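Take a look at the structure set out below.
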Amino acid sequence: MKAAVLASGRGSNLQALLDEWQDGQLPVEFVGVGSNKIDAEALTRAERFGIQVRTFPRESYADNSSQETDILNWLEVIGTELLILAGYMQVLSSDFIRRAEYPILNIHPSLLPSFPGLHPQKQAVEYGVKVSGCTVHFVDEGMDSGPIILQETVPVFAEDDADQLAARILKVEHTIYPEAVRLIANGKIKREGRRVIVLRDS
Ligand code: GAR
């Protein structure tokens with residue numbers, strides 16, 4: 001399965017995916033890593049693995065629509081069969097989602113449907129929840145609202161600030177994102193409307 005990644009920043013989730021791939025644990029071929037940020041660390045990480053990178057800085061386009069068309073064309077040319085958002089911080093339009101002919105995955109650092117959108121770890125700390133975590137989901141036309149594939153929890157401690165909680169969540173992101181991609185690549189995911197059923201080996 002040919003996988004492409006879009007990322008905007010540090011790229012630690014991309015790194016976790018690439019590490020598992022290098023260890024032979026992820027049956028995908030990474031065909032490209034794209035970014036809307038020309039200085040994204042994710043690009044350097046991809047280059048270290050010899051993966052094609054492309055940048056699509058918003059300021060180089062007249063509007064969102066021409067930027068997204070460029071991204072879609074590139075994804076098609078490289079043969080994308082699965083698009084993985086790994087800290088891609090520009091919201092994709094409904095038009096993009098409709099035109100993409102492959103599943104799109106995202107990871108979000110909260111237990112959705114709680115705390116969608118920006119700064120979910122800060123939202124969780126301020127709300128006072130005792131448990132948070134992360135969610136891997138299919139992307140639909142809403143904000144962090146697509147069908148949930150996997151979730152993992154972490155405790156929230158009284159003394160936590162948003163950064164401490166973010167670091168605790170990030171550690172589990174690095175295990176569940178590769179796990180979700182592996183399940184999809186191995187055909188272990190079945191969709192029934194909103195519900196995603198994981199077919200575990202018995
Ligand atoms: C991760 O915590 C990811 O869940 C979050 O951005 C961070 C990217 O880190 N994504 C979102 O908030 C998307 N709504 P990374 O660049 O080190 O993978």
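The values are calculated or read from the model by the stated rules, or taken from the named source; none is laboratory data. Computed from a predicted model, the values in this text were never measured in an experiment. Because the Cβ atoms are built from the backbone with ideal geometry, glycine has one as well, and the counts that use them run over all protein chains shown. Quick note on the areas: whole protein, heavy atoms, side chains included, nothing else; ligands and nucleic acids left out. Shrake-Rupley method; radii C 1.70, N 1.55, O 1.52, S 1.80 Å.
Considering only residues that are more than 15 Å from the ligand (Cβ to nearest atom) and open to solvent by less than 10 Å² (accessible area, probe 1.4 Å), which ones fall in region 4-23?
Ala4
Looking at region 86-107 only, could you name the residues that are within 12 Å of the ligand (Cβ to nearest atom), within 19 Å of Ala3 (Cβ to Cβ) and open to solvent by 10 Å² or more (accessible area, probe 1.4 Å)?
Selection gives Gly87, Tyr88, Leu92, Asn106, Ile107.
Considering only residues of region 183-198 that are in a strand (DSSP E or B) and touching a Leu at 6+ places or on another chain (Cβ under 8 Å), which is surrounded by the most Cβ atoms within 10 Å (Cβ to Cβ)? Break it down stepwise before answering.
We begin by selecting, within region 183-198, every residue in a strand (DSSP E or B); these are 189-192, 195-198.
Applying the additional criterion that residues be touching a Leu at 6+ places or on another chain (Cβ under 8 Å) yields 189-190, 198.
Details: Ile189: 18, Lys190: 10, Val198: 13.
Per the criteria, the residue is Ile189.
Between Val53, Val77, which is modelled with pLDDT of 95 or more and open to solvent by 60 Å² or more (accessible area, probe 1.4 Å)?
Of the residues listed, the single one that is modelled with pLDDT of 95 or more and open to solvent by 60 Å² or more (accessible area, probe 1.4 Å) is Val77.
Identify the residue in region 121-149 that is within 13 Å of the ligand (Cβ to nearest atom) and open to solvent by 10 Å² or more (accessible area, probe 1.4 Å) and, among all such residues, is farthest from Ile169 (Cα to Cα).
This residue is Gly142.
Quick check, is Asp160 charged (D, E, K, R) and outside any loop (DSSP other than H, G, I, E, B)?
Criteria not met by Asp160.
Answer yes or no as to whether Gly133 is in a loop (DSSP other than H, G, I, E, B) and under 19 Å from the mean Cα position of the chain (by Cα).
Taking the combined requirement at face value, the residue does not satisfy it.
Name, by its number, the condition in (1) without any contact (Cβ under 8 Å) to a residue 24 or more places away in the chain; (2) at positive phi; (3) of a type outside the set (Val, Ile, Thr); (4) open to solvent by 80 Å² or more (accessible area, probe 1.4 Å) that does not hold for Asp201.
The number of the failed condition is (2).
Would you please list the contacts, defined by Cβ atoms under 8 Å and residues six or more apart or on different chains, that run from a residue in region 2-15 that is within 13 Å of Glu47 (Cβ to Cβ) to a residue that is more than 6 Å from the ligand (Cβ to nearest atom) and among the charged types (D, E, K, R)?
Gly11/Glu41; Gly11/Arg45; Leu14/Arg45; Gln15/Arg45
Could you grab the pairs with beta carbons closer than 8 Å, sequence gap of 6+ or different chains, first residue in region 34-45 and more than 19 Å from Asp70 (Cα to Cα) and in the same structural domain as Ala86 (by TED's automatic domain parsing), second one modelled with pLDDT of 95 or more and open to solvent by 60 Å² or more (accessible area, probe 1.4 Å)?
Hits for this filter: Glu41/Arg10; Ala42/Arg10.
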